[in-house]
Amino acid sequence: MTAEESTWLARLPSGALSHPATLKDSTESLIRRALISGEMQPGEIYSANKLASQLGISNSPVREAMMSLVHSGLLELVRNRGFRVVELTENDKREVYELRLHVEVDAIRRVAARGITTEQADHILHMSQRTVDLVNTSLVDYLEADQQFHLALVGLLGNDRWLEIVKNLRDQSRVNGYYTFLEHNDHLISSAEEHQQITQAIINGEPELAAALMVKHLEYARPKKR
């Protein structure tokens, strides 16, 4: 076990996951949070068996969770050793950002042009307000609410494949603790306010405004030139 693996696993309480029906999903969520926060280090190899032992559960749901994250491009399988955290290059980040500009922005434009029901409007208003409410909590909690807000918007298209593509791109853009810089200034406040502006443009049926606001909103994800 590496030093990084030992440090991260030591933070996990034994028997932390106790609901068999959701063990895979709960474990995947836990690992994703560690990837987003940067606790699981790029290039490091982590053992499914050791993680299962620390959590007090069987190997199967842990391995399933980690394989799911392999398919999402966040981990890679290292035969006979475990799972390595994928390290995104600057070119990888640029590719992800450019794809998000196409698929995520166009999704929002289409949703606004099509129009949404009162029930759907209430839902995205709730999701956008949740990000406002979490501005002063932990960065990972905010980013998880941010993820759910964006996926709720794209989900209004009713296109599961489109939603899955956006989910994977967003996951890849958040790995390696890439967004930790957001907690050091007013970025989170601005981000939450932009969520509300985008939401209102969609509710008002203003597709070009909604798309323009989303382009502006995604600027935080643009790879920084070094």
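The values are calculated or read from the model by the stated rules, or taken from the named source; none is laboratory data. Small disclaimer: the values here were computed from a predicted structure and weren't measured. All Cβ positions, even for glycine, are placed from backbone atoms using ideal geometry, and neighbour counts span all protein chains on display. SASA here: full protein model, heavy atoms, side chains in, ligands and nucleic acids out. Shrake-Rupley method; radii C 1.70, N 1.55, O 1.52, S 1.80 Å.
Please verify whether segment 111-132 includes one or more residues that are free of Cβ contacts under 8 Å to residues at least 60 places away in the same chain, assigned to a helix (DSSP H, G or I), closer than 30 Å to residue 52 by Cα and open to solvent by 70 Å² or more (accessible area, probe 1.4 Å).
no
Take segment 41-60 and flag every residue that is at pLDDT below 90, closer than 15 Å to residue 24 by Cβ and crowded, with 18+ Cβ neighbours inside 10 Å.
The answer is 51, 52, 55, 57.
Quick one: which of 193, 104 is at pLDDT 90 or above, buried (at least 17 other Cβ atoms within 10 Å of the Cβ) and over 30 Å from residue 48 (Cβ atoms)?
That would be 104, the only listed residue that is at pLDDT 90 or above, buried (at least 17 other Cβ atoms within 10 Å of the Cβ) and over 30 Å from residue 48 (Cβ atoms).
Take the residues of segment 61-81 that are in contact with a strand residue (DSSP E or B) (Cβ under 8 Å, 6 or more places away or on another chain) and open to solvent by less than 10 Å² (accessible area, probe 1.4 Å): which is modelled with the lowest pLDDT?
74
Has segment 203-212 got at least one residue that is among the small types (Gly, Ala, Ser), in a loop (DSSP other than H, G, I, E, B) and either open to solvent by 30 Å² or more (accessible area, probe 1.4 Å) or at pLDDT 95 or above (or both)?
yes
Output the qualifying pairs, or none if there are none: Cβ atoms under 6 angstrom, residues six or more apart or on different chains, first residue in segment 53-66 and assigned to a helix (DSSP H, G or I), second residue modelled with pLDDT of 90 or more and open to solvent by 60 Å² or more (accessible area, probe 1.4 Å).
Close Cβ pairs (under 6 Å, with a partner that is modelled with pLDDT of 90 or more and open to solvent by 60 Å² or more (accessible area, probe 1.4 Å)) amount to 59/49.
Just need a number here: residues in segment 87-110 that are farther than 14 Å from residue 169 by Cα and touching a helix residue (DSSP H, G or I) at 6+ places or on another chain (Cβ under 9 Å).
The qualifying residues number 5.
Would you pick out the residues in segment 134-151 that are open to solvent by 70 Å² or more (accessible area, probe 1.4 Å) and in contact (Cβ under 8 Å) with a residue 12 or more places away in the chain? Full working, then the answer.
Going through segment 134-151, the residues open to solvent by 70 Å² or more (accessible area, probe 1.4 Å) turn out to be 136, 148.
148, the sole residue that qualifies.
Of the conditions (1) at pLDDT 90 or above; (2) surrounded by fewer than 16 Cβ atoms within 10 Å (Cβ to Cβ), residue 90 fails just one. Which one is it?
(1)
Can you run down the residue pairs with Cβ atoms below 8 Å, 6 or more apart or on separate chains, where the first is in segment 169-193 and over 21 Å from residue 72 (Cβ atoms) and of a type outside the set (A, V, I, L, M, F, W, C) and the partner is open to solvent by less than 10 Å² (accessible area, probe 1.4 Å) and modelled with pLDDT of 80 or more?
191/131; 191/146; 191/217
Of everything in segment 117-136, what is within 13 Å of residue 191 (Cβ to Cβ) and of a type in the set (Gly, Ala, Ser)? Give them in sequence order.
Passing the criteria: only 128.
Within segment 67-85, restricting attention to residues that are over 15 Å from the mean Cα position of the chain (by Cα) and either among the hydroxyl-bearing types (Ser, Thr, Tyr) or assigned to a loop (DSSP other than H, G, I, E, B) (or both), which residue is farthest from residue 172 (Cα to Cα)?
80
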